[in-house]
Amino acid sequence: MAQHVLEAASEWKSRTGNQLALATNQEQTRARYISEELGFSEVFETLIVSCNIGFAKPEPEYYAQGDLLLGRTPGQTALFLDDTLDHVEAAIEHGWQAMHVESVDHAAEIIRGL
């Protein structure tokens with residue numbers, strides 16, 4: 001994830017006070033690297049990582065487990081950005097507000113516009 005996307009996400013979090021989570025399909029070694037070496041655990045309160053929950057996007061169970069990790073109840077909104085259309089469609093079907101992004105620049109633009 002590009003630095004300007006992380007900055008936009010951090011600014012959004014500071015501005016809104018909302019929770020920020022990372023949802024990703026990764027194997028254990030890469031997940032540890034993302035969390036510890038890249039410092040994503042410092043930016044994101046919740047990491048929804050496929051290898052840790054036993055399901056991967058776009059499986060419906062992935063989003064259900066994400067709700068549990070987020071502490072999300074049915075009345076709460078979850079905004080989900082992803083570059084894979086199948087993942088976005090599955091998130092929408094689950095009840096999350098989801099948007100398809102075409103690039104990291106597009107993701108930063110969307111986040112800054114929220």
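Among the criteria (1) in contact with a Leu (Cβ under 9 Å, 6 or more places away or on another chain); (2) loosely packed, with under 14 Cβ neighbours inside 10 Å; (3) farther than 23 Å from A107 by Cα, the one T16 does not fulfil is (3). Examine the stretch 60-72 for a residue that is exposed (fewer than 14 other Cβ atoms within 10 Å of the Cβ), over 13 Å from the mean Cα position of the chain (by Cα) and on the phi > 0 side of the Ramachandran plot, and state whether such a residue exists. Within the stretch 60-72 (the criterion being exposed (fewer than 14 other Cβ atoms within 10 Å of the Cβ), over 13 Å from the mean Cα position of the chain (by Cα) and on the phi > 0 side of the Ramachandran plot), the answer is yes, since at least one residue qualifies. Determine the pairs where a residue that is in contact (Cβ under 8 Å) with a residue 60 or more places away in the chain and more than 15 Å from G113 (Cβ to Cβ), located within the stretch 1-16, has a partner that is part of a helix (DSSP H, G or I) and aliphatic (A, V, I, L, M) with Cβ atoms under 7 Å apart, the partner being 6 or more residues away or on another chain. What qualifies is M1/V104; A2/V104. Condition check for T77 on (1) among the β-branched types (V, I, T); (2) touching a strand residue (DSSP E or B) at 6+ places or on another chain (Cβ under 9 Å); (3) surrounded by 15 or more Cβ atoms within 10 Å (Cβ to Cβ): one failure, at (3).
Does the stretch 75-82 include one or more residues that are part of a loop (DSSP other than H, G, I, E, B) and more than 24 Å from R15 (Cβ to Cβ)? Within the stretch 75-82, not a single residue is part of a loop (DSSP other than H, G, I, E, B) and more than 24 Å from R15 (Cβ to Cβ). Determine whether E36 is modelled with pLDDT under 90 and surrounded by fewer than 15 Cβ atoms within 10 Å (Cβ to Cβ). Considered against the rule, which asks whether it is modelled with pLDDT under 90 and surrounded by fewer than 15 Cβ atoms within 10 Å (Cβ to Cβ), E36 comes out as yes.
Any residue at all in the stretch 23-45 that's within 14 Å of the chain's Cα centre (by Cα) and in a strand (DSSP E or B)? Looking for residues that are within 14 Å of the chain's Cα centre (by Cα) and in a strand (DSSP E or B), one finds at least one in the stretch 23-45, hence yes.
The lone criterion from (1) aliphatic (A, V, I, L, M); (2) under 21 Å from E102 (Cα atoms); (3) part of a helix (DSSP H, G or I) left unmet by L69 is number (2). Please go through the stretch 22-37 and give me each residue that is among the basic types (K, R) and either touching a residue at least 24 places away in the same chain (Cβ under 8 Å) or closer than 18 Å to T84 by Cβ (or both), ordered by number. The one that is among the basic types (K, R) and either touching a residue at least 24 places away in the same chain (Cβ under 8 Å) or closer than 18 Å to T84 by Cβ (or both): R30. Scanning the stretch 85-92 turns up no residue that is part of a helix (DSSP H, G or I), in contact with a helix residue (DSSP H, G or I) (Cβ under 7 Å, 6 or more places away or on another chain) and closer than 15 Å to V5 by Cα.
The values are calculated or read from the model by the stated rules, or taken from the named source; none is laboratory data. Model, not experiment: these values are computed from the prediction. FYI the Cβ positions are ideal-geometry reconstructions off the backbone, even for glycines, and counts take in every protein chain you see.
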